[in-house]
Amino acid sequence: MNFFDTHCHLDDKVYDNDIKEVINRAHDAGVDEVMIVGINKKSSIKAVEITKTCNGLYASVGVHPHDSKNCSEKTLKFLSGLAKNQNVRAWGEIGLDFNRMYSPIKDQEKWFVRQLEIAGGLNLPVIFHERESRGRFFEILNAHGSQVKKGVVHCFSGNEAELKQYLEFGLYIGITGVLTIKGRGADLRKLAPLIPVDRILVETDAPYLTPAPEKNRTRRNEPAFVRSVLLKLAQVREEDPEQLSCEVLKNSRRFYDLS
């Protein structure tokens, strides 16, 4: 089986001392393609630089809602230029997070709208972050997202009604290692079979959200562990793992416009 970790943060400093080994372990696990997701200017620059070290590594650029308070037109102009690199295949992660509130709502909403416009103009798929936005995510997406050609809800953790809304809007659904966690993943395991097979992506969000069984021996997640996410997904959907891995890989390459 072959896999694509469609969302991770290999630019995180926790990988600075052993990133080559991390990438080698991913290849050994059949993870030949990895999307390194930018969350601000510094992160996006580093993500693009990492993609130059090995085939099969791609990057996205953007400003996360947590970093919205530090966003500016100058930053977005720089990122728009960075997006011209051939290894940049998406814009994000962007969206709203009214749970942790690291940035004021007005800043989150302002720069979410602006980045939707930019991503649409660049014809890039969008990686979305949404947490407890109380309907504002959909309001903004409906009002300003008409130019966005494709989007994925990273680390889906919503309810059935929200899942239906995402799917009706045409979005892909990103599934993380939360699916494998006994208590925390219970609701997600109920909803996973409801997702059309052609809308599923699997991701690690490494170094966060380490799946089972790997979480029993290490706190740090890494792309190799996306295999465990896919195997659990096949189990809860009662599908053949090899067939599902083929379908999800096709979804991933289609989403990021990779031939």
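So what's the back-of-envelope 222 nm ellipticity for the chain, counting only DSSP H runs of four-plus at -39500 (n - 2.57) apiece and dividing by all residues, rounded to 500? Write out the running numbers ahead of the final one.
Values: 9 runs with 100 residues, N = 259.
Result for the chain: -11500 deg cm²/dmol, rounded to the nearest 500.
Per-residue Cβ neighbour counts within 10 Å put Cys71, Cys54 in the sequence Cys54, Cys71, beginning with the fewest.
For the chain, the relative contact order is 20 percent, taking Cα pairs closer than 8 Å that sit 6 or more residues apart in sequence and dividing their mean separation by the residue count.
Sparsely packed loop sites in the stretch 118-156 (the GluC sites (Glu not before Pro) outside DSSP H, G, I, E and B with at most 14 other Cβ atoms within 10 Å) comprise Glu132.
In terms of overall dimensions, the C-alpha atoms belonging to the stretch 57-191 reach 43, 33, 25 Å along their principal axes, ordered largest to smallest.
In straight Cα distance, which lysines are under 23 Å from Lys52, not counting same-chain residues fewer than 8 positions off? The reachable lysines, counting only those whose Cα sits under 23 Å from Lys52, are Lys13, Lys20, Lys41, Lys42, Lys77, Lys84. When you work out D = kT/(6 pi eta Rh) for the stretch 110-149 at 4 °C and 1.567 mPa s, using the Kirkwood radius from C-alpha pairs as Rh and the Stokes-Einstein form, the result is 126 µm²/s.
Any chance you could check the Cα centroid distance between the stretch 128-156 and the stretch 49-111 for me, in angstrom? What the calculation gives is 15 Å, centre to centre. Computed extension length for Leu122-Arg184: 18.6 nm, one decimal, from 0.36 nm per residue of separation with the Cα-Cα distance subtracted. Using the alpha carbons alone, the radius of gyration of the chain stands to its Kirkwood radius in an Rg to Rh ratio of 0.94.
For the stretch 175-259, the extents of the C-alpha atoms along the principal axes are 35, 26, 18 Å, listed from largest to smallest. Take the Cβ atoms of Glu242 and Asn216, set R0 to 22 Å, and the FRET efficiency comes out at 0.30. With the simple spin-label model, which puts each label point 7 Å out from Cα in the Cβ direction, the Arg253 to Arg100 separation comes to 3.4 nm.
Taking the square roots of five times each eigenvalue of the Cα gyration tensor of the stretch 33-81, the equivalent ellipsoid has semi-axes of 22, 11, 7 Å, listed largest first.
Estimated from the Cβ-Cβ distance and a Förster radius of 30 angstrom, the FRET efficiency linking Lys74 and Glu168 is about 0.25. Packing here is the average count of other Cβ atoms within 10 Å per residue, and on that basis the peptides 235-244, 74-83, highest first, run 74-83, 235-244.
Every number here is computed from the coordinates shown, using simple stated rules; none is lab data. Only a predicted model underlies this, so the values are computations on that prediction, with no experimental measurement involved. Positions of Cβ are generated from backbone atoms using ideal geometry, with glycine treated the same way; all protein chains shown enter the neighbour counts.
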